[in-house]
Amino acid sequence: MDNNKRPDSMQRITTPELAEAFISEQVEAIRQQVGDKKVLLALSGGVDSSVVAALLIKAIGRNLVCVHVNHGLLRKGEPEQVIEVFRNQMKANLIYIDAVDRFLDKLAGVSDPETKRKIIGNEFIEVFAEEARKLDGVSLLAQGTIWPDILESEGGIKAHHNAGGLPDDLNFELVEPVRILFKDEVRVVGSELGLPDGMVYRQPFPGPGLGVRCVGAITRDRLEAVRESDAILREEFAKNGLAGKVWQYFTIVPDFRTTGIRDGQRSYDWPVVIRAVNTRDAMSATVEDVPFALLQHITDRITHEVAGVNRVLYDLTPKPTGTIEWE
Ligand code: XMP
């Protein structure tokens, strides 16, 4: 199969059998392209990079070098899951980089959303490039580019950023084994490769992570409030059958405090905002009609379990006028 273009006649990969055929073809193609050379991959734990990792592990084993950068803005349990699935279960060659202090120090005091995004993006490239330079004999870079990325960059809708950004001295040949797939097909292939459902069917998560949900200048304590409240929301949505139904759901912690009462004393703490939306393409979105009793239960848990929080709000705003994220 021509690996660069999706053939018009290509059948949509919807079944384990079709996924298996795709996997066999790609494993063969990867082996032909790569030979006994080493391949580098930035493994975020997102759907696309995880599926690419699993495919390459199947094809070339430990000649794939995965780099997982923890920038401190990941959801609760994410770095642990990447290590468990890839290092412990799949026996991948995985380099884990704890860059939490580095990112949070750079972000300290920065309140402008676009500046925050730029700092996170640039710092990520810098950390990854530093790691790449330390490795000898790696000449290929694997990426989780998918077919909509190609269509959108060809159509001029957005620059296809996957390949971009690395400094000129890092001149890699690209390996992009899922580039002809749509997202739903990537998920079917991921399941067939044995990745856990929690990884393959997870909701979208922005590159700047929890950083855009800790509104304004990020502080470690408020970031923890975002992470812990998000974990409670995800747990409750999973328990109550909403996890597979709602497109995206998360919490936000704004950078102001309000008065409350705790243990008979005045408290002065942050609010947590819950957002749960449905959409087809993220260009517009509607708000999920979450049962009121469940919202009350989640409020009870967040206000009692998350340090520094005394109030919970539900964001009723569709897109437009609100964007999905708060920054
Ligand atoms: P908005 O907030 O623009 O979000 O309505 C639409 C979708 O895009 C995600 N999003 C991002 N994803 N980097 C990403 O990789 C970003 O900077 C970013 N900003 C928003 C958002 O989570 C939603 O799914």
**Report entry** Per-region count, segment 299-327, residues farther than 17 Å from Phe237 by Cα, away from the ligand (no atom under 16 Å from the Cβ) and either among the aliphatic types (A, V, I, L, M) or assigned to a strand (DSSP E or B) (or both)
**Finding:** 5
**Report entry** Subset of segment 272-298 [within 9 Å of the ligand (Cβ to nearest atom), open to solvent by less than 50 Å² (accessible area, probe 1.4 Å) and free of Cβ contacts under 8 Å to residues at least 40 places away in the same chain]
**Finding:** Ala285
Report summary line: Checked against (1) open to solvent by less than 20 Å² (accessible area, probe 1.4 Å); (2) closer than 24 Å to Val51 by Cα, Phe103 satisfies every condition except (2)
Query - Residue check, Pro318 closer than 25 Å to Thr219 by Cβ and open to solvent by less than 80 Å² (accessible area, probe 1.4 Å) - result: no
Report summary line: Filtering segment 299-315 down to residues that are of a type outside the set (A, V, I, L, M) and open to solvent by less than 20 Å² (accessible area, probe 1.4 Å) yields Asp315
Report task. Enumerate the pairs (first residue in segment 100-127 and closer than 13 Å to Gly165 by Cβ; second residue anywhere and at pLDDT 95 or above and basic (Lys, Arg)) with beta-carbon separation below 6 Å, excluding pairs fewer than 6 apart on the same chain, so at least 6 apart or on different chains. Result -> Glu123/Lys106
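The values are calculated or read from the model by the stated rules, or taken from the named source; none is laboratory data. Please read all numbers here as calculations on a predicted model, not as lab measurements. Glycine also receives a Cβ, built like all others from the backbone with ideal geometry; neighbour counts cover every protein chain displayed. To get the accessible areas, we keep the full protein, side chains included, count just its heavy atoms, and leave off ligands, DNA and RNA. Shrake-Rupley method; radii C 1.70, N 1.55, O 1.52, S 1.80 Å.
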